[in-house]
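Notes to accompany the following structure.
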Amino acid sequence: MTGVPIVVAITGASGAPYAVRLLEALVAAERPVQLVLSSHGLRLLQTECDIGSIDALRARVGDAAWDRWITTFEDGDRGAAPASGSALSAGMVICPCSMGTLSAIAVGASRSLVERAADVTLKERRPLILVPRETPLSAIHLENMLRVTRAGAIVMPAAPGFYHRPRTIDDLVNFVVARVLDHFGVPQQLAPRWGQHDGE
């Protein structure tokens, strides 16, 4: 499935650095990406990374790599390729995933391309990884997480570990992104695995 695109959505939960690093890692691994960026996701990129437009995100990821590996879609275009089960994908990741988006997925709302693509990913039994970043969690949040998990999604909170002795914020970001890549079978060396040490 290495030639089949991974759908990546960026929504308005805090965690824009995770999204940027994920895109950088996917194009470095030469994996096609179908990118959907919500309006709140774009605002988040501006707030947390000083990335105020798709063009600025393209420049951050790298113009040549972006043009070769990333195709963008408007969140309002529910007729785009990721909205159809007949359009093949290797799965979808929403990183970061807002609680509003998670709630909509839990009830099958499909009001936007992000939500419809997630719905399609579930119905086609493809991997759907949701990366929420919220604390504390309400009973509603937890119930929605349980509901989407029972439907087949993987809820992967942006909660980096510390056993690898992180020294920088990048180390923490890499830890979470590495876990996402692992679930798509994308080779990565962003973070050491359990039992590995520096220099190994």
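Here segment 1-24 is the region considered, the condition is being small (Gly, Ala, Ser) and in a helix (DSSP H, G or I), and the residue that is nearest to residue 36 (Cα to Cα) is 19. The residue that is farthest from residue 20 (Cα to Cα), among those in segment 34-64 that are assigned to a helix (DSSP H, G or I), touching a residue at least 40 places away in the same chain (Cβ under 8 Å) and of a type in the set (A, V, I, L, M), is 44. Give segment 59-105 a look and list any residue that's more than 30 Å from residue 147 (Cα to Cα) and either of a type in the set (A, V, I, L, M, F, W, C) or in contact with a Lys or Arg (Cβ under 6 Å, 6 or more places away or on another chain) (or both), or say none. 59, 61, 64, 65, 66, 69, 70, listed by residue number. Looking across segment 66-83, the residues that are of a type outside the set (Gly, Ala, Ser) and under 18 Å from the mean Cα position of the chain (by Cα) come down to 66, 69, 70, 71, 72, 73, 74, 75, 82.
Can you confirm whether residue 110 is polar (S, T, N, Q) and under 20 Å from residue 86 (Cα atoms)? Walk me through how you get there before you give the answer.
Numbers: polar (S, T, N, Q): yes; under 20 Å from residue 86 (Cα atoms): yes.
Here the answer is yes, as residue 110 does meet what is asked.
Counted as qualifying within segment 82-200 are the helices (runs of 4 or more DSSP H) with 3 or more residues that are of a type in the set (Val, Ile, Thr) and surrounded by 17 or more Cβ atoms within 10 Å (Cβ to Cβ), namely 113-123, 169-183.
Let's see how each residue does on (1) within 19 Å of residue 97 (Cα to Cα); (2) at pLDDT 95 or above; (3) of a type in the set (A, V, I, L, M, F, W, C):
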residue	(1), (2), (3)
11	yes, yes, no
19	yes, yes, yes
30	no, yes, no
34	yes, yes, no
44	yes, yes, yes
54	yes, yes, yes
71	no, yes, no
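Mind listing whichever residues of segment 43-94 are β-branched (Val, Ile, Thr) and under 19 Å from residue 177 (Cβ atoms)?
Correct list: 51, 61, 70, 93, 94.
When segment 11-55 is filtered for residues that are more than 14 Å from residue 70 (Cα to Cα) and of a type in the set (A, V, I, L, M), the ones remaining, listed by number, are 13, 16, 42, 44, 45, 51.
Mind listing just one residue for me: the one in segment 60-81 that is among the hydrophobic types (A, V, I, L, M, F, W, C) and over 24 Å from residue 49 (Cβ atoms) and, of those, surrounded by the most Cβ atoms within 10 Å (Cβ to Cβ)? Filtering segment 60-81 for residues that are among the hydrophobic types (A, V, I, L, M, F, W, C) and over 24 Å from residue 49 (Cβ atoms), the one surrounded by the most Cβ atoms within 10 Å (Cβ to Cβ) comes out as 80. If you filter segment 134-151 down to residues that are out of contact with any helix residue (DSSP H, G or I) (no Cβ under 7 Å at 6 or more places or on another chain) and among the charged types (D, E, K, R), you find that the one that is nearest to residue 100 (Cα to Cα) is 143. Taking every residue in segment 100-121 that is among the acidic types (Asp, Glu) and pairing it with any residue that is in a helix (DSSP H, G or I) and modelled with pLDDT of 95 or more, at least 6 positions away or on another chain, the pairs with Cβ-Cβ distances below 6 Å are 115/104. When segment 67-76 is filtered for residues that are in contact with a strand residue (DSSP E or B) (Cβ under 9 Å, 6 or more places away or on another chain) and either over 11 Å from residue 34 (Cα atoms) or part of a strand (DSSP E or B) (or both), the ones remaining, listed by number, are 70, 71, 72, 73, 74, 75.
The values are calculated or read from the model by the stated rules, or taken from the named source; none is laboratory data. Predicted model, so just to flag it, every value in this text is computed and none were measured. We place every Cβ from the backbone using ideal geometry, glycine too, and count neighbours over all the protein chains shown.
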